[in-house]
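Written out below as structure tokens is the structure these notes cover.
The values are calculated or read from the model by the stated rules, or taken from the named source; none is laboratory data. Bear in mind the structure is a predicted one, so any value in this text is a computation, not a measurement. Cβ: placed from backbone, ideal geometry, glycine included. Neighbour counts: every protein chain shown. Side chains included, ligands, DNA and RNA excluded: accessible areas come from the protein's heavy atoms. Shrake-Rupley method; radii C 1.70, N 1.55, O 1.52, S 1.80 Å.
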Amino acid sequence: DANVTGAIGALWIGAAFLWARRARRVWAPVAIPLVSLAWLAVWTSGSRTAFAAAAIISLSIAVALAKQSGRVKTVRAWILGGAGALVVALALVAIVRPTSGPFRRLGAALPGPTASAGDLVAELWNRNRYGAAATAIIKDQPYFGIGVGTYQLIASDYEHGLPPDNAQNWLRHQVVELGAVGAAPWILWFLLFGYFVIRARATDPPDAWVTRG
């Protein structure tokens, strides 16, 4: 699966960096080709999600190095750097319109000259009508869902002609199948774990930013 392959590659960007930091000095240069191979896996997968994950992890590595050098005093640099990188990436996609990799898929989703930013948001939310089907199912079965593994079978009843596939994202997919009652425990865990990850402490070592990313 392209998304899984790309996500594994993205995670190995941070793993290779941390391994090199802790390995013997003779092995440290090996991290460079390992990170390059991991980025290659991300790019060839064509996964937009994996590319976003790889960008976040790479930015986190840069922040870790900057924190070690004493040049970054607050997490604001991480936020500003991420926002700047996102703006640059979207600008490149809009101007260059790449013919391969995740940028090609992102470029294909961008609205045309006469469309608005809202059109892009709507397309990303509805995702080729799969997201729209998920929204309609949640409205019909909000409390207990339609059952595990059934979205791919039922989505075409709401959006005619859809071949079997997943919902717009896995979080919405699980809400569709489990409903609010079934999804409540993992949603609570998701929020608590998210808070645990992003909460930064002054005593955190620089490498903590890599694992945080």
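Every residue in segment 168-205 that is farther than 11 Å from residue 133 by Cα and assigned to a loop (DSSP other than H, G, I, E, B), please.
Selection gives 169, 199, 200, 201, 202, 203, 204, 205.
With the condition kept exactly as written, say whether any residue in segment 137-147 is under 22 Å from the mean Cα position of the chain (by Cα) and either within 21 Å of residue 3 (Cα to Cα) or open to solvent by less than 90 Å² (accessible area, probe 1.4 Å) (or both). I'd like the intermediate steps shown before the answer.
First, pick out the residues of segment 137-147 that are under 22 Å from the mean Cα position of the chain (by Cα): none.
Among the residues of segment 137-147, not one is under 22 Å from the mean Cα position of the chain (by Cα) and either within 21 Å of residue 3 (Cα to Cα) or open to solvent by less than 90 Å² (accessible area, probe 1.4 Å) (or both), which makes the answer no.
Can you name the residue in segment 154-167 that is in a helix (DSSP H, G or I) and closer than 15 Å to residue 139 by Cβ and, of all such residues, is least open to solvent (accessible area, probe 1.4 Å)? Steps first, please.
Start the filter on segment 154-167 by keeping residues that are in a helix (DSSP H, G or I), which leaves 154-158.
Still in the list and also closer than 15 Å to residue 139 by Cβ: 154-155, 157-158.
Details: 154: 48, 155: 4, 157: 122, 158: 83 Å².
So the residue we want is 155.
Of the residues 44, 49, 74, only one is at pLDDT below 90 and more than 30 Å from residue 165 (Cα to Cα); which?
Working: 44 fails: more than 30 Å from residue 165 (Cα to Cα); 49 fails: more than 30 Å from residue 165 (Cα to Cα).
Answer to the check: 74.
Restricting to segment 192-206, give me the number of residues that are exposed (fewer than 14 other Cβ atoms within 10 Å of the Cβ), within 21 Å of residue 54 (Cβ to Cβ) and more than 17 Å from the chain's Cα centre (by Cα).
Within segment 192-206, residues that are exposed (fewer than 14 other Cβ atoms within 10 Å of the Cβ), within 21 Å of residue 54 (Cβ to Cβ) and more than 17 Å from the chain's Cα centre (by Cα) number 0.
From 170, 209, 189, grab the single residue that is at pLDDT below 90, open to solvent by 80 Å² or more (accessible area, probe 1.4 Å) and of a type outside the set (Ser, Thr, Tyr). So that I can check it myself, show each step before the final result.
Working: 209 fails: open to solvent by 80 Å² or more (accessible area, probe 1.4 Å); 189 fails: at pLDDT below 90.
Of the residues listed, the single one that is at pLDDT below 90, open to solvent by 80 Å² or more (accessible area, probe 1.4 Å) and of a type outside the set (Ser, Thr, Tyr) is 170.
Return yes when residue 183 is of a type in the set (A, V, I, L, M, F, W, C) and either touching a residue at least 12 places away in the same chain (Cβ under 8 Å) or within 26 Å of residue 1 (Cβ to Cβ) (or both) and no when it is not.
Numbers: of a type in the set (A, V, I, L, M, F, W, C): yes; either touching a residue at least 12 places away in the same chain (Cβ under 8 Å) or within 26 Å of residue 1 (Cβ to Cβ) (or both): yes.
So residue 183 passes the test.
So, residue 80, is that one at pLDDT 75 or above and assigned to a helix (DSSP H, G or I) or not? Before you say what the answer is, go through the steps one by one.
Values: at pLDDT 75 or above: no; assigned to a helix (DSSP H, G or I): yes.
When the stated conditions are applied, residue 80 does not pass them.
Criterion first (of a type outside the set (D, E, K, R), assigned to a loop (DSSP other than H, G, I, E, B), under 30 Å from residue 12 (Cβ atoms) and open to solvent by less than 80 Å² (accessible area, probe 1.4 Å)) does residue 128 satisfy it? Please lay out each step first, then the result.
On the way: of a type outside the set (D, E, K, R): yes; assigned to a loop (DSSP other than H, G, I, E, B): yes; under 30 Å from residue 12 (Cβ atoms): yes; open to solvent by less than 80 Å² (accessible area, probe 1.4 Å): no.
Criteria not met by residue 128.
What are the pairs, 6+ residues apart or on separate chains, where a residue within segment 24-37 that is in a helix (DSSP H, G or I) has its Cβ under 8 Å from a residue that is of a type in the set (Val, Ile, Thr) and open to solvent by 70 Å² or more (accessible area, probe 1.4 Å)?
From segment 24-37, no pairs qualify.
Which of the residues spanning segment 125-157 are among the aliphatic types (A, V, I, L, M) and in contact (Cβ under 8 Å) with a residue 24 or more places away in the chain?
Quick first cut of segment 125-157, residues among the aliphatic types (A, V, I, L, M) only: 132-134, 136-138, 146, 148, 153-155.
132, 133, 134, 137, 138, 146, 148, 155, listed by residue number.
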